Structure formats: structure tokens, C-alpha cells
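The values are calculated or read from the model by the stated rules, or taken from the named source; none is laboratory data. As the structure is a computational prediction, the values presented were derived from the model and not from experiment. Here the Cβ is made from the backbone with ideal geometry for all residues, glycine too, and neighbour counts use every protein chain on show. In case anyone asks, the SASA skips ligands and DNA or RNA and just uses the protein heavy atoms, side chains included. Shrake-Rupley method; radii C 1.70, N 1.55, O 1.52, S 1.80 Å.
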Amino acid sequence: MIGWRAALLLGSVATASVAGARDASPQHDRAHWIASWGSAQMVADGDNALPPERATSLTLRQVVRLSAGGDHVRVRLSNAHGSAPLRIQAAHLALSAAPGSARITGGKRLTFAGAAAAVIPPGAEIYSDPVALMVAPGADVAVSLFLPAIDGPQTGHPGARATSFTLPGNHVADPVMAGAARATHWYVLSDVEVARGAATIVAIGDSITDGYGVAPDRNMRWPDILAERLRARPSSRGIGVVNSGIGGNRVLLDGLGPNLLARFDRDVVARTGVRWAIVLEGINDLGVLTRDAPATSEQHAAIVAQVTAAYAQVVQRAHAHGMEVIGGTLMPFVGNDYYHPGAATEADRQAINRFIRRSGTFDAVVDFDRVMRDPARPDRLAPAYDSGDHLHPSEAGYRAMGEAVSLTLFDDARPARAVRGRRGRIAAERRVTAATPPRRSAAPSPIRSLILATPIDR
């Protein structure tokens with residue numbers, strides 16, 4: 001947590017006034033901030049890294065879609081996985097003309113403690129100063145950074161499902177960035193926060209949360225659908241949604257990105273304004289267990305025990321900070337050629353889902369399994385929701401997942417600090433009965449009803 005504390009320190013001392021760049025009044029310095037967009041940070045290496053010829057003296061423009069709106073904005077930049085200081089020479093925030101386009105409208109210079117430049121130490125993250133910029137819920141914003149050099153390991157998020165732009169030289173305020181190269185990764189940018197929002201939901205998980213299979217700039221991941229629904233309801237328009245999914249991520253061991261237990265504090269607890277976490281992770285733990293060789297019955301039993309114990313750990317961490325944790329049941333994946341799960345793996349999945357539905361560990365549960373499975377073959381995804389690899393949903397499947405989350409879970413949008421200490425009353429206050437999913441045909445209609453059970457997790 002050293003990097004996060006450094007970020008808090010740098011953010012709190014940002015009091016110098018820069019004309020046209022920020023509002024340094026005490027009123028805005030003390031405003032209630034929430035994360036409106038964010039991504040999970042990991043090492044960007046191999047094909048995911050900026051090549052050496054594009055990692056020196058470049059402008060990096062990244063377009064992201066906010067969930068909640070506000071009248072002031074600040075960004076959080078990350079060197080969490082870097083081994084050398086990272087210098088930000090100039091930064092700029094503007095409204096984006098459209099996803100997939102480098103064109104911007106107007107905008108404001110970003111500063112750091114009143115200065116145009118900043119240095120992020122290895123392992124650290126920093127805030128920009130707030131800028132007065134009216135952003136609507138669902139607005140697309142462009143964050144432009146001029147980086148003299150990126151030395152050593154790069155920090156970013158490979159699974160952006162969005163187009164970023166790079167161009168040699170300092171072009172942070174250019175309205176077009178003509179000739180920029182395109183990439184479908186994010187770098188350095190960790191969060192975009194807005195003032196006066198209500199609270200934030202963090203969806204944490206693996207490639208299913210990260211949106212594997214969604215085409216760039218379509219914003220069709222299941223957390224995007226949830227955010228879209230929240231924006232459409234006046235009472236929840238101020239709630240932010242952050243996607244902390246990492247493709248290939250596991251609960252217990254590192255794979256692509258740090259494991260869930262290692263990253264939960266940074267990706268959930270330490271984020272600004274978080275009130276709820278939705279945890280949907282564990283399918284890669286089960287798949288890897290038998291991907292290359294059969295596992296013994298003892299190994300199968302052990303992984304179920306270890307995954308469910310890890311769920312209990314992250315729930316305890318969240319509860320200590322007044323946050324509620326909603327568990328998502330693991331979806332079927334029989335037929336997948338990469339993991340080729342058999343009967344023993346399916347039994348493991350069922351055992352974990354029983355824990356999620358019945359243990360009382362979680363404050364609520366979204367039964368993604370019931371929504372997404374094929375009624376005729378419940379160990380497989382429903383054909384209309386299957387991308388074709390029998391593991392990842394299609395866009396229709398992601399929409400069904402986003403529509404399966406009841407918005408009533410988020411009626412109490414007080415900050416987490418306001419509910420700290422009431423953990424023992426949450427289950428009694430929120431009893432949600434399970435709904436029966438509609439009968440599916442070859443082309444099922446979207447699922448709009450919530451499928452919740454007793455307090456559970458995933």
C-alpha cells in the first residue's frame with residue numbers, strides 16, 4: 001500500500017492555483033470524490049507493451065467512458081509495476097469526440113500540486129489536481145500524457161477493448177493528433193474520478209469481467225451494461241462503475257496479473273468512493289488445475305476449499321472498510337477446448353457455487369450461472385449467450401449478465417464510511433428472494449430480472 005499512500009499524499013498537497021487548470025477552493029478540495037472509470041493495473045509486457053521506438057518522447061491519448069458524471073474531474077496515474085521513476089512532462093483532459101477517435105473538444109491542462117510536470121516513483125500512483133469540467137454520466141473523455149521516456153517494466157491494462165493513440169512529441173492539447181498510431185491497450189492511467197458522485201461499484205474478476213471478445217470501442221462488457229442501466233435511473237445516476245477485470249486472472253495464483261488476494265486491496269479497497277464490490281472469479285483456477293494433466297480427488301477438494309476460503313478473506317477486508325460484497329456464481333464451461341473440463345471439474349464448480357449461494361459469506365449474490373446456462377445442458381452456456389469457445393459470453397451474453405444485477409442492491413448509496421460497523425445487520429436488512437429465470441428458446445430474450453439468493457459470493 002506504499003504506492004497508494006504516496007498517491008494520497010500527493011493528491012492532498014495539490015493546493016496551488018493554476019489559472020484555467022483547476023479550482024483550488026477548499027470547497028472542491030473537500031468534495032466527495034468517486035471513481036467513475038478505472039482499470040486494474042498489471043505489467044504490460046511482450047506484445048502488450050509499447051515498443052521501444054514508441055516508448056520515448058511520446059504523447060499518449062486514451063479515451064475512456066465515464067459511468068457517473070460531475071462538475072470537477074481528476075485522474076490517477078500509475079507506475080505500480082514500474083522499476084524506475086516515471087516522468088509526466090505534460091497532461092491534458094478533454095471531452096472526446098467519439099470512441100475510437102483521437103479528436104477532442106476543448107479541455108483543460110492537468111497539473112500536479114500546481115506544477116505541469118510530475119514524477120511517479122516506482123510502485124507509486126499519483127493524483128492530478130482537480131479541474132473544473134462538466135462531464136455527463138456516460139461521457140467519453142480523453143486523457144493525454146506527454147511521456148519523455150518509459151524505462152523498465154511498463155504499467156497498464158492490456159485488455160482495454162478501446163483504442164488509444166500515440167504520437168512522437170508533445171501533442172497533449174492537439175485537437176486531432178493527425179498521424180497518431182493506434183493501440184488497443186491502456187498505459188499509466190488507473191482511474192478517472194468525479195466530484196459529488198454518490199458511490200462506486202467495483203466489478204473484479206477475470207476475462208469474463210474484462211470483456212474478452214468485445215470489439216474495441218463498443219463498451220459492451222457486462223459492467224458497461226450495468227453502468228448503462230444505472231445511468232438510466234435518476235436515483236442511481238450518481239453511482240460509478242469500475243471494471244477491475246483481468247483476462248486470465250486467478251483467485252489463488254498469479255497468471256495474467258496478480259492474483260485476486262494480492263490485488264484486492266489496490267483494485268477495490270483503496271479506490272475512491274467504493275461502496276460495493278461484485279466478485280466473479282475462480283473459473284481459471286478450476287480450469288488450470290486439470291488443463292495439462294488430471295488432478296487427484298484430494299487436489300479437487302483442496303482447490304474448492306482454497307477458493308472459498310479466499311472469498312471469505314476478501315469479504316472480511318471489504319467489510320472492515322464498510323463495503324458490501326456481492327458474489328457472482330461461476331458460469332458453466334464444459335466444451336471449452338483450452339481447459340476441457342470434465343465431470344470432476346464440473347463438480348468443483350457446483351461445490352463453489354453452493355458456497356456462494358448458501359454460505360452466508362456474501363452480502364448478496366448474482367446468480368450468473370442460472371442466467372447463462374443452457375437449461376437442456378446446464379453444464380454448458382446457453383447457445384445464444386456463448387461466444388463460441390464455450391467459456392466467454394457473446395455480446396448478447398454480456399448484456400444478459402449486466403441485466404441480471406438488481407439495481408435495488410444499490411439503493412443505499414451512502415459512502416462506505418457511513419455504513420461502517422453495521423455489517424451484522426446487512427443480511428437481515430436485505431433479504432432477496434430468488435427469481436425463476438424465464439424459459440429460453442433458441443433466441444432468448446434479454447434477462448431483466450435479478451437472480452439473487454441469500455447472502456453469497458463469487
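The condition of being of a type in the set (A, V, I, L, M, F, W, C) and touching a helix residue (DSSP H, G or I) at 6+ places or on another chain (Cβ under 7 Å) holds for only one of 295, 320, 262, that being 295.
For segment 276-318, a residue qualifies if it is charged (D, E, K, R), surrounded by fewer than 23 Cβ atoms within 10 Å (Cβ to Cβ) and under 20 Å from the mean Cα position of the chain (by Cα), and exactly one does: 317. On inspection, residue 84 does not qualify as assigned to a loop (DSSP other than H, G, I, E, B), buried (at least 23 other Cβ atoms within 10 Å of the Cβ) and at negative phi. Looking at the structure I just gave you, is residue 262 open to solvent by 40 Å² or more (accessible area, probe 1.4 Å) and part of a helix (DSSP H, G or I)? For residue 262, the condition - open to solvent by 40 Å² or more (accessible area, probe 1.4 Å) and part of a helix (DSSP H, G or I) - is met. The set of residues in segment 68-90 being within 12 Å of residue 192 (Cβ to Cβ) and small (Gly, Ala, Ser) consists of 68, 69, 70. Whenever a residue of segment 81-102 is hydroxyl-bearing (Ser, Thr, Tyr), its partners that are open to solvent by less than 30 Å² (accessible area, probe 1.4 Å), lying with C-beta atoms within less than 7 angstrom and at least six residues away or across chains, give the pairs 96/63; 96/104; 96/140; 96/141; 96/142. From the list 382, 376, the one residue that fits, being modelled with pLDDT of 60 or more and exposed (fewer than 13 other Cβ atoms within 10 Å of the Cβ), is 376.
Inspection of segment 328-341 identifies no residue that is open to solvent by 20 Å² or more (accessible area, probe 1.4 Å), over 20 Å from residue 398 (Cβ atoms), not in a loop (DSSP other than H, G, I, E, B) and not small (Gly, Ala, Ser). Specify the residue that is nearest to residue 195 (Cα to Cα); the eligible residues are those in segment 239-259 that are open to solvent by less than 10 Å² (accessible area, probe 1.4 Å) and in a loop (DSSP other than H, G, I, E, B). In this case the residue turns out to be 246. Return the residues of segment 365-416 that are part of a loop (DSSP other than H, G, I, E, B), touching a residue at least 24 places away in the same chain (Cβ under 8 Å) and of a type in the set (Gly, Ala, Ser); say none if nothing qualifies. Matches in segment 365-416: 382, 387, 394, 404, 406, 413.
For residue 131, the criteria (1) open to solvent by less than 20 Å² (accessible area, probe 1.4 Å); (2) within 24 Å of residue 233 (Cβ to Cβ); (3) out of contact with any Phe, Trp or Tyr (no Cβ under 7 Å at 6 or more places or on another chain) hold in every case but one, which is (2). Within segment 172-217, being within 22 Å of residue 126 (Cα to Cα) and more than 14 Å from the chain's Cα centre (by Cα) holds for 172, 173, 185, 187, 188, 194, 195, 196, 197, 199. Listed by first and then second residue, the pairs with beta-carbon distance under 6 Å, at least 6 apart or on different chains, first residue in segment 281-299 and without any contact (Cβ under 8 Å) to a residue 60 or more places away in the chain and basic (Lys, Arg), second open to solvent by less than 50 Å² (accessible area, probe 1.4 Å) and assigned to a loop (DSSP other than H, G, I, E, B), are 291/339.
Every test in (1) buried (at least 19 other Cβ atoms within 10 Å of the Cβ); (2) within 23 Å of the chain's Cα centre (by Cα) is passed by residue 349 save one, and that test is (2).
Checked against (1) open to solvent by 10 Å² or more (accessible area, probe 1.4 Å); (2) not in a helix (DSSP H, G or I), residue 322 meets all criteria but (1). Reported count of residues in segment 208-224, each being out of contact with any Ser or Thr (no Cβ under 9 Å at 6 or more places or on another chain) and surrounded by fewer than 22 Cβ atoms within 10 Å (Cβ to Cβ), is 4. Across segment 74-98, the number of residues qualifying as within 20 Å of residue 35 (Cα to Cα) and not hydrophobic (A, V, I, L, M, F, W, C) comes to 6. Comparison of 175, 168, 216 shows that the only residue that is farther than 20 Å from residue 51 by Cβ, at pLDDT 95 or above and not hydroxyl-bearing (Ser, Thr, Tyr) is 175. Comparison of 366, 371, 432 shows that the only residue that is under 25 Å from the mean Cα position of the chain (by Cα) and either within 25 Å of residue 322 (Cβ to Cβ) or modelled with pLDDT under 95 (or both) is 366. Scoring residue 254 on the criteria (1) in contact with a Pro (Cβ under 8 Å, 6 or more places away or on another chain); (2) at pLDDT below 95 leaves a single failure, condition (1). Only one entry of 137, 175, 153 meets the criterion of being open to solvent by 20 Å² or more (accessible area, probe 1.4 Å), touching a Ser or Thr at 6+ places or on another chain (Cβ under 6 Å) and not hydrophobic (A, V, I, L, M, F, W, C), and that entry is 153.
Residues being touching a residue at least 60 places away in the same chain (Cβ under 8 Å), farther than 20 Å from residue 110 by Cβ and outside any loop (DSSP other than H, G, I, E, B): count how many of those fall in segment 154-189. Selection size over segment 154-189: 4.
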